[in-house]
Structures are given as C-alpha cells and as structure tokens.
Amino acid sequence: MVQGTSSGVGKSLLAAALCRLFARAGWRVAPFKAQNMSLNAAVTADGGEIGRAQAAQAAAAGIEPTVDMNPILLKPEGDDLSQLVVRGRAAGHVSFRKYRAWQAALRPVVAESLDRLRADHDVVVIEGAGSPAEINLRDADLVNMHVAHLAGAPVLLVGDIDRGGVFAALVGTLALLPPADRVRVAGLVVNRLRGDATLLAPGLLELTALTGVPVLGVVPWIDERLMPAEDSLDLDETSSVGSPAVLDVAVVRLPRIANFDDFEWLADEPGVQLRWVRRAADVAGADLIVLPGSKSTAADLAWLRECGLADAVVTAARAGRAVLGVCGGYQMLGRALHDPAGVESTTASMDGLGLLAVETVFAPAKTVVRVRARATGAAGPFAGARDIEMDAYEIHAGVTHLLADGVARPFAVTRPGAATVGTLDGATDAAGSITGTYLHGIFASGAVRSALLTWLAARARRPPDPRWGQADARPRRWDRLADIVGGALDVKAIGALVGRGL
C-alpha cells in the first residue's frame, strides 16, 4: 500500500509505477483505492464511474479498469456537498456529516471489492488518500489504515521533498499513528527530489535511526506529465508554454470544473501555450477559447456571467474567434438550459450563451458510457480528422436537442452493442468556428489533435508544426515511468514485502 504524508505527494504516480513494475515481472496486478475524491472520472466497460487515477493505474498494469478498483467516488459539488458514487453508480448527494452516516454501509462495499481483486490477482497495489495521520478523521477512515489492515498490506509512506519539510512530515506522520498502525509502515520513500540524492544521505540515515523504518528510495522529480491530474489544484501543472508559442489556447477554469484532463494532451504539444483563465481579460488574444466540463453546469454558467467571462466569450465568438465547449461547456453554448426536475438548480429554465442552436434538458438519469466515435464534419476544427475513429466516453446529466435544421454535427457515435453508427454528437455553427461536443477523451487521438491545431494555425496564418499529434502512446509512458521509479526504489526489498519478486 502507498500512503502519503499529505495529499499531492505523488501517491498515484508511484502506485502506477509499481503496477507497471509488478506487471513487467509477470504478475497479475490490479490497483485499488477504496475512496477517491475527484471530478476527473473514468468510465469502465460496464458504464461505471471510477477515479481517473485508478483507470490510469489499471492501464499501467495492462488490464481493464473495473468499479472494484475504486468502489467509492466522491465528486465535489460545493464546499460541503458531493455526489456519492458507489461501485460506479450515483447513490445520492451527501454532506460530510451525512457521508459519515454512510460508513457502516460502505465498509462492506470496500471489503468486498478488495476481496474480489485479491482473489483474481497476484498483487494489488493500494493507494491511500490524504494522510493516515488525520487524527480528527481517524474514526471515519475507509481508505488508509483501515484498508491496510483489511489487506494485511505493508505500507510505503511517501513524503514530497519539493514542498519542503519532508523529514518532519515523515517523522510527524509516524508519531501520530497508533502503534497498531505504525507497525504496518514497512518503508519510507522520498519523492520529487530536484538535485543530487547523495546530499540527502546523512538525513536519510538519521531518519531511519529516529523511526526504525528503512528508506526504500529517493525518487527524482519527473518533468514529463505521466499521470492525469485528478484535482483542480493540479491545473497549474497542466498549463504549458510552448517554445516558441505558435498557438494560444485559453481554457476557462470553472469553479466546478470536471474532466479537465481532456486538455493535458493539448498542453503537451510543441508550440501550444495552454492557459487556465478566470478573468474576462484573460481570453484576449487566444486562438481557441475552451469551456470545459462542469459538475454543476448551471452554477458555473452563473459564475461566468458574474465575472464577465460570459460576455467576453460571446464577444470573441461573434468576432470570429474559435470556441469549443466540452460536455457542460457544450450545454452552456446553447440557447437555453431547462431543469424541470431540479437536477442542477432551483431554476426551471435559464438562458445559455446563445452561440449554438441547441438547448439542454436536465434529467435525473445520468449518461455514463464508453463510445467509439468518428469525425464527420466537412468543415470546422475536426474536419482534418474526418472519418478517423477514436475512443471516447460520456459522463453527463441532460440531453441536448438541436433547434434548427442543417446544424452540422461534428461526430458520429457508436455506443457499446450498436451494430452501426447511428448517433450524431455535438453541434457546429454555420461559420464552423463554434463547436460543442459531449465527447471526453477525443484529444488522446493524435489525428484529432493534429486536425484541431492545424485548423487553428491556418486561421491564424501561422505554419503548423509537423510534430503535432505525434505524442507517445500511453504504454510507452508507463514503461518510462517504471524505469525511472524502479531505478530509484529498492525494488528487491519491495518485492520481498509481498513475496512477489521484482
């Protein structure tokens, strides 16, 4: 099990690396995180939602993700309100106090999912959440030491040296653990070192002497983005400044932004400057303005209006600038949003931005599905990828209807089990500069990225970069991650902890 001294110390990345290392050694490996809090969800083959990190870890292990890998997912909707997803299905909306009341019912769910994974795999790499030393929350723990005891798992405790105070964080965490929990910690890992690891040697020796726990590795800072972001706090790391910048992409940083990892692929492209913006002035000069997904479309649309971004986006669009809306952003681009059942708000109807001839009706039933899609438009941002097929997924409440004949549809979609392509997705305005789609994950397709960026460059009268769309496939990324982390950790000692050689 990989636990950390706090959130954001790199647990997800290290767990993914261990999944890859054990898989390359010939073991059947699965990831597990009992409870995740994230607005970046992945869709399993049976239409369930899980945290995107566990889907990435499953990919690193070379297997399909399942809902057992993340049986509890909390999707924040406000300061003290989250949608509760249990085994992939939405189960209600809970405050923290209400969530604690669910604990008795959720503990068996965690145990059953963990048992199924352990029965089917040689190794389960478990990720904790936050810190096991949150002493005010210890009685409500479903994800840290509770799971370590369920699994009988040795724990690697990870600290982040880049944020400072790593020795105090590791020693302090161990000091706050009850004896029965403390003995589960079998090794310490220092993560994200920039510089010479030999300079740490005296401190590491003293750390082991103080705690009695061996240091099993010092992992270097990894510049390349190898894991999808899960938390909006990670958005600054997703931003990019291409050198030199050929294109400027401004993605609106909505308060309840969801599935923002869609745009990491664009941020990685050479010559693409991707910025997360929160002010009206920030969209000035952008070659593409993006309205991303939202967990609460109505509330984020209201925020757009309050901060002046709505007017700025509309003005830019009417001046011929390119605008893309994904999922909730697509809904915002329409003429109206109707919510008769009160799914998103207490307002029965509200005006959209009026940039696309569509309207959305929210309903309690949620669409969660993987799809195959192909670009169909003869013009617009994805015309260069016409007839190219791609994997994608949908997660949204609501159905969007066209309000005018002849509106171009940028994608055709095949849902699982469908014999033919029969569903059209999204909408593009007559000029081809404003597009909306429900499809997440399309930028993982190099052809789609290349088509979009080449189209934007042509509009800006700038030369396209021949490297666009050529980013490495994920399997090679997992091997690079495993090589880096495996070279920094005492993998022989870690394999011995679970009786599985590395």
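General observations
- Working from label points 7 Å from Cα in the Cα-to-Cβ sense, the Asp196 to Leu497 distance is 2.9 nm.
- Model label points for Ala168 and Glu112, set 7 angstrom from Cα along the Cα-to-Cβ axis, are 4.5 nm apart.
- Gain in span if fully extended, Ser6 to Arg476, counting 0.36 nm per residue against the direct Cα distance: 166.3 nm
- Taking Ile126, Ile484 and ordering them by how much accessible surface each has at a 1.4 Å probe, largest first, produces Ile484, Ile126.
- Normalising the average separation of contacting C-alpha pairs (under 8 angstrom, six or more residues apart) by the number of residues puts the relative contact order of the chain at 14 percent.
- Remark: the chain carries a charge dipole of roughly 420 debye about the Cα centre, counting +1 on each Lys and Arg Cβ and -1 on each Asp and Glu Cβ.
- Across the accessible surface of the chain, with the other protein chains kept in place and a 1.4 Å probe, carbon and sulfur atoms take up 54 percent.
- Note on the range 316-382: Rg/Rh from Cα positions, Kirkwood definition for Rh, rounded to two decimals, is 1.03.
- Alpha-carbon Rg with Dmax, taken over the range 390-464, Å: 14.2, 43
- Cross-link partners of Lys11 among lysines (Cα-Cα below 22 Å; sequence separation of 8 or more within a chain): Lys33, Lys75, Lys492
- Dimensionless Rg over Rh [the range 63-132; C-alpha; Kirkwood]: 1.00
- Between the amide H of Phe411 and those of Thr376, Asp425, distances stay under 5 Å, these residues lying 5 or more places away or on another chain, with hydrogens modeled in the peptide plane.
- In the chain, the DSSP-assigned H stretches of four residues or longer account for a calculated mean residue ellipticity at 222 nm of -8500 deg cm²/dmol, using -39500 (n - 2.57) per stretch and the full residue count as denominator.
- Per-residue SASA entry for Leu39, accessible area with 1.4 Å probe, Å² rounded to 10: 20
- Spin-label pair Leu424/Thr347, simplified geometry with 7 Å Cα→Cβ offset, distance in nm: 3.0
- For the range 42-86, diffusion coefficient by Stokes-Einstein and Kirkwood Rh (Cα), 20 °C, 1.002 mPa s, µm²/s: 195
- Heavy-atom accessible area with a 1.4 Å probe sorts Arg462, Arg449, Arg194, largest first, into Arg194, Arg462, Arg449.
- The residues of the range 89-238 expose, per residue, 47 Å² of accessible area to a 1.4 Å probe.
- A Förster radius of 25 Å combined with the Cβ-Cβ distance from Val183 to Asp46 puts the calculated FRET efficiency at roughly 0.05.
- Packing, as the average of other Cβ atoms within 10 Å across residues, places the peptides 218-225, 61-68 in the order 61-68, 218-225, highest first.
- Placing +1 on each Lys and Arg Cβ and -1 on each Asp and Glu Cβ, with no other charges, gives the range 35-79 a dipole about its Cα centre of roughly 120 debye.
- With semi-axes defined as the square roots of five times the eigenvalues of the C-alpha gyration tensor, the equivalent ellipsoid of the chain measures 40, 25, 21 Å, largest first.
- The mean accessible area for residues of the range 352-405, using a 1.4 Å probe and ignoring ligands and nucleic acids, is 42 Å² per residue.
- Protein heavy-atom accessible surface, 1.4 Å probe, per residue over the range 1-72: 23 Å².
- Take the Cβ atoms of Asp79 and Arg409, set R0 to 51 Å, and the FRET efficiency comes out at 0.85.
The values are calculated or read from the model by the stated rules, or taken from the named source; none is laboratory data. This structure is a prediction, so every number in the text was calculated from the model and none was measured. Because the Cβ atoms are built from the backbone with ideal geometry, glycine has one as well, and the counts that use them run over all protein chains shown. To get the accessible areas, we keep the full protein, side chains included, count just its heavy atoms, and leave off ligands, DNA and RNA. Shrake-Rupley method; radii C 1.70, N 1.55, O 1.52, S 1.80 Å.
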